[in-house]
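Following: one structure in structure tokens, then a few remarks.
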Amino acid sequence: MIRLIGASMIIFACAACGSHMSSGLKKRCEYLDAYAASLESLKAHICFSDFPLEKALRLAGEASAVSDAFSAAADAMKSLGIKKAWDTAVRGTSEAFCLTRADEDALAALGSRLGLTDVEDQKRNIDGVLASLAPLRKQARSQYETNGRLYRSGAVLCGILAAVLLI
């Protein structure tokens, strides 16, 4: 009886590890999509509204999964400057959002050009960041579709194998 309980605990623990790894890939997809949607919103606020950049950042991140990053950038903008504030916000939340270094770099590139030029140039800068995010979003989606299933099922099978070997 104790062996069966131990075996089921091993299987459950392995399944939980695989599920956790798979959820990290899913989170990355969701947060990259949320960043893209928020950047589109930021572009609309910059192009069609007369809001200061701080308010545009807050509005763009509102009701989004990445609102923490946009709010942190807006809060730190006056004390750090927009480049440092944006970079700190993106890199500070990337671990929680399961972003890779390439994702961080693509998003952080916006900070060096944000708020420095006219509206048309801002629009081009945001479009450039969105264009650099597009292949990363596609890569994240394909990684989740292939590796997510592999992590979940492979972890369960490894747990079953370990349990059988121990019994």
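FYI, it's all coordinate maths here, none of it is from the lab. Since we're looking at a predicted model, the values are computed, not measured. Here the Cβ positions follow ideal geometry from the backbone for every residue, glycine too, while neighbour counts run over all protein chains shown.
Annotation for the stretch 36-110: GluC sites (Glu not before Pro) lying in DSSP loop with at most 10 further Cβ atoms inside 10 Å of their Cβ are 95.
Using only Cα atoms and rounding to the nearest 10 degrees, what angle (0 to 90) does helix 119-143 make with the longest principal axis of the chain? Value to nearest ten degrees: 10. Summary value for the chain: 39 percent relative contact order, contacts being C-alpha pairs under 8 angstrom separated by 6+ residues.
With all projection directions averaged, the alpha carbon convex hull of the chain covers 11.3 nm². Distance between the C-alpha centres of the stretch 130-158 and the stretch 51-112: 24 Å, rounded to the whole angstrom. Sorted fewest first by neighbouring Cβ atoms within 10 angstrom, 129, 156 come out as 156, 129.
Using only the Cα atoms, work out Rg/Rh for the stretch 1-96, with Rh taken as the Kirkwood radius, to two decimals. Walk me through the intermediate numbers first.
Working: Rg = 19.9 Å, Rh = 15.5 Å.
Result: Rg/Rh = 1.28.
What is the Rg over Rh value, at two decimals, for the stretch 76-145, using alpha-carbon atoms and the Kirkwood definition of Rh? Show your work: numbers first, answer last.
Working: Rg = 13.2 Å, Rh = 12.9 Å.
Result for the stretch 76-145 is an Rg/Rh of 1.02.
Using the Cβ-Cβ distance between residue 118 and residue 51 with R0 set to 25 Å, the FRET efficiency from 1/(1 + (r/R0)^6) comes to roughly 0.95. Quick one: angle between helix 67-80 and the longest Cα principal axis of the chain, in degrees between 0 and 90, rounded to 10, please. Helix 67-80 and the main axis of the chain meet at about 50 degrees. The lysine pair tally for the chain, using Cα distances under 18 Å and a gap of 8 or more places or different chains, is 10.
Set the Förster distance to 30 Å, then compute FRET efficiency between residue 105 and residue 158 from the Cβ-Cβ distance, nearest 0.05. Display every interim value, and only then the final one.
Details: r = 34 Å, r/R0 = 1.12.
Calculated value: 0.35.
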